[in-house]
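Undergrad: Got a structure here, written out as structure tokens. Questions coming.
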Amino acid sequence: MNRPTKYHWLIASLCVWLLCAWVARHSVVQQPVPGRKTAPKVRTTHSTAPKAVKPVKATTAVAETVPMAATVVNPQGVVVDAETGLTVDDNMVLVKGQCTVCHTSKLILQSHFDRDKWVERIRWMQRTQKLWDLGETEKPILDYLVKNYGPLPIQFDGRRLPLDPPRWHTR
């Protein structure tokens, strides 16, 4: 039986595209989870004693880790991180590093809680979702969340805000 060779190029290009998509999705390098201690890498030198690792404060690394090219201005006129949509602020890197390891930043963007409710959500994640102890980073994270994603001036019932009506005509 003779098959038509008319669409072989289409099938081949679809297979290549699917393979590229699969490789791009599965070739992400696993990053260590913040809060879990890993063994420090030791260089082999003449000395057998490992060098002490100096801890870096999170507040000093903020300006170095947020490049200005990675920010955009959202429709409300707020400068946000282009990757996550989080408001650029001093503690944004902490929130991005601690929170988006387990879930998308959209959960943060759609939530507008007061400090007590944010603490309640963190305790719930620690109790049921295996969130690690945030330690001394909990206060700056809570400050960021309350400042940028605190209660809205209107009553918030946990649902998203109504969508703007579509503009079908540009005239």
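The values are calculated or read from the model by the stated rules, or taken from the named source; none is laboratory data. Predicted model, so just to flag it, every value in this text is computed and none were measured. Because the Cβ atoms are built from the backbone with ideal geometry, glycine has one as well, and the counts that use them run over all protein chains shown. These accessible areas exclude ligands, DNA and RNA; they are computed on the full protein's heavy atoms, side chains included. Shrake-Rupley method; radii C 1.70, N 1.55, O 1.52, S 1.80 Å.
Undergrad: Spot the failing condition for M125; the list is (1) modelled with pLDDT of 90 or more; (2) closer than 23 Å to V78 by Cβ; (3) not charged (D, E, K, R), and only one is missed.
TA: (2)
Undergrad: Out of everything in region 71-93 that is among the hydroxyl-bearing types (S, T, Y) and within 19 Å of V146 (Cα to Cα), what residue ends up being surrounded by the fewest Cβ atoms within 10 Å (Cβ to Cβ)?
TA: Applying the first criterion (among the hydroxyl-bearing types (S, T, Y)) to region 71-93 yields 71, 84, 87.
Subsequent filtering for residues that are within 19 Å of V146 (Cα to Cα) retains 84, 87.
On the way: T84: 18, T87: 20.
Per the stated criteria, the residue is T84.
Undergrad: While we're looking at this one, here's another question. Select, from K130, K139, the only residue that is farther than 28 Å from A70 by Cα and either in a helix (DSSP H, G or I) or open to solvent by 50 Å² or more (accessible area, probe 1.4 Å) (or both).
TA: Numbers: K139 fails: farther than 28 Å from A70 by Cα.
Sole residue among the options that is farther than 28 Å from A70 by Cα and either in a helix (DSSP H, G or I) or open to solvent by 50 Å² or more (accessible area, probe 1.4 Å) (or both): K130.
Undergrad: Let me ask you something else. In the list L152, L163, which residue meets the criterion of being touching a residue at least 40 places away in the same chain (Cβ under 8 Å) and assigned to a loop (DSSP other than H, G, I, E, B)? Can you show your working first?
TA: Values: L163 fails: touching a residue at least 40 places away in the same chain (Cβ under 8 Å).
That would be L152, the only listed residue that is touching a residue at least 40 places away in the same chain (Cβ under 8 Å) and assigned to a loop (DSSP other than H, G, I, E, B).
Undergrad: Right, another one. Collect the residues in region 94-124 that are open to solvent by less than 50 Å² (accessible area, probe 1.4 Å) and either basic (K, R) or in a helix (DSSP H, G or I) (or both), keeping them in residue-number order. Give the steps one after another, and end with the answer.
TA: To start, the set of residues in region 94-124 that are open to solvent by less than 50 Å² (accessible area, probe 1.4 Å) comprises 94-95, 97-100, 103, 105, 108, 111-113, 118-119, 122.
Listed by number, the residues that qualify are L94, V95, G97, Q98, C99, I108, W118, V119, I122.
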